[in-house]
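K.L.:
Here you go, one structure.
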Amino acid sequence: MQIWVGLGNPGAQYAMHRHNVGFMAVDAIAEVHGFDPPKKAFQGWAQHGRIGEERILLFKPATFMNRSGQAIGEAMRFFKRDIGDVTVFHDELDLAAMKVKVKVGGGTAGHNGLRSTEAHIGNEFRRVRIGIGHPGHKDKVTKHVLGNYAKAETDDLSDLLGAIAAEAWWLAKGDDARFMNEVALRLQP
């Protein structure tokens, strides 16, 4: 079984924040692939399902971003999974808005959810980096990250989340390059 984690903050007031795009991605995957309804577990919400032949646990920590790793570690220990079985979907400030990149390992770039995850499970987990773009000046970063997507961005966001969900098959098979390519092709004008 693979554990796919969406990073975000729980609560309706955070639902459309750019920082919650990880939650949005796993919700889209659950809907497109017919996962079980979410159940409270491991200090968060867990959904079981399959993508192709692969069993996947979709997981959204309810611990707030700063303590995400604690909940992820709990789920990993319960299912006796190792770091190579974990994929984390998260917002990426240093990636153009609506772009997606996948990598294993790397730094945290000041992202508290990644920092917490690394502290609890190590560094070598797969990351699906979902671009939110940089606002241009460091003084504007917090407001940008913790701000809602603008109305003008919602169609593009919907297309992005749909592409991630539709092409999740490639992630499940471990073909990260094909996943990135297929998502990019879906998003071409």
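The values are calculated or read from the model by the stated rules, or taken from the named source; none is laboratory data. Model, not experiment: these values are computed from the prediction. Glycine also receives a Cβ, built like all others from the backbone with ideal geometry; neighbour counts cover every protein chain displayed. For the accessible areas, the whole protein counts, side chains as well, though only heavy atoms, and no ligand, DNA or RNA atoms are used. Shrake-Rupley method; radii C 1.70, N 1.55, O 1.52, S 1.80 Å.
K.L.:
If residue 42 meets every condition in (1) more than 15 Å from residue 121 (Cβ to Cβ); (2) more than 14 Å from the chain's Cα centre (by Cα); (3) not charged (D, E, K, R) apart from one, which number is that one?
P.N.:
Unmet condition: (1).
K.L.:
For the list (1) in contact with a helix residue (DSSP H, G or I) (Cβ under 7 Å, 6 or more places away or on another chain); (2) under 10 Å from residue 121 (Cβ atoms), I need the number of the one condition that residue 101 fails.
P.N.:
Every condition holds for residue 101 apart from (2).
K.L.:
Name the residue, out of 16, 65, that is touching a residue at least 40 places away in the same chain (Cβ under 8 Å), open to solvent by 40 Å² or more (accessible area, probe 1.4 Å) and either among the small types (Gly, Ala, Ser) or over 17 Å from residue 173 (Cα atoms) (or both).
P.N.:
16
K.L.:
Go through 163, 172, 184 for me and flag whichever is among the hydrophobic types (A, V, I, L, M, F, W, C) and either open to solvent by 50 Å² or more (accessible area, probe 1.4 Å) or not in a helix (DSSP H, G or I) (or both).
P.N.:
Answer to the check: 184.
K.L.:
Filter the stretch 26-51 for residues that are of a type in the set (A, V, I, L, M, F, W, C) and assigned to a strand (DSSP E or B) and give the result.
P.N.:
Within the stretch 26-51, 41, 45, 46, 51 meet the criteria.
K.L.:
Out of the stretch 95-117, which residues are open to solvent by 50 Å² or more (accessible area, probe 1.4 Å) and not in a loop (DSSP other than H, G, I, E, B)?
P.N.:
101, 103, 104, 112, 115
K.L.:
Which one of 134, 120 is modelled with pLDDT under 95 and either within 17 Å of the chain's Cα centre (by Cα) or open to solvent by 50 Å² or more (accessible area, probe 1.4 Å) (or both)?
P.N.:
Selected residue: 134, the only one of 134, 120 that is modelled with pLDDT under 95 and either within 17 Å of the chain's Cα centre (by Cα) or open to solvent by 50 Å² or more (accessible area, probe 1.4 Å) (or both).
K.L.:
Name the residue that is nearest to residue 168 (Cα to Cα), counting only residues in the stretch 124-138 that are in contact (Cβ under 8 Å) with a residue 60 or more places away in the chain and assigned to a strand (DSSP E or B).
P.N.:
128
K.L.:
Is there any pair linking a residue in the stretch 161-178 that is closer than 16 Å to residue 6 by Cα and touching a residue at least 40 places away in the same chain (Cβ under 8 Å) to one that is crowded, with 21+ Cβ neighbours inside 10 Å and of a type in the set (Gly, Ala, Ser), with Cβ under 7 Å and at least six apart or on different chains, and which?
P.N.:
These pairs meet every condition: 161/25; 161/28; 162/28; 164/25; 164/28; 165/28.
K.L.:
Does any residue of the stretch 74-85 turn out to be touching a Gly at 6+ places or on another chain (Cβ under 7 Å), buried (at least 16 other Cβ atoms within 10 Å of the Cβ) and not aliphatic (A, V, I, L, M)?
P.N.:
No, there is no match, as no residue in the stretch 74-85 is touching a Gly at 6+ places or on another chain (Cβ under 7 Å), buried (at least 16 other Cβ atoms within 10 Å of the Cβ) and not aliphatic (A, V, I, L, M).
K.L.:
With the structure loaded, tell me whether residue 147 is within 24 Å of residue 48 (Cβ to Cβ), touching a residue at least 40 places away in the same chain (Cβ under 8 Å) and either of a type outside the set (Ser, Thr, Tyr) or open to solvent by less than 60 Å² (accessible area, probe 1.4 Å) (or both) or whether it fails that test.
P.N.:
No: the conditions fail for residue 147.
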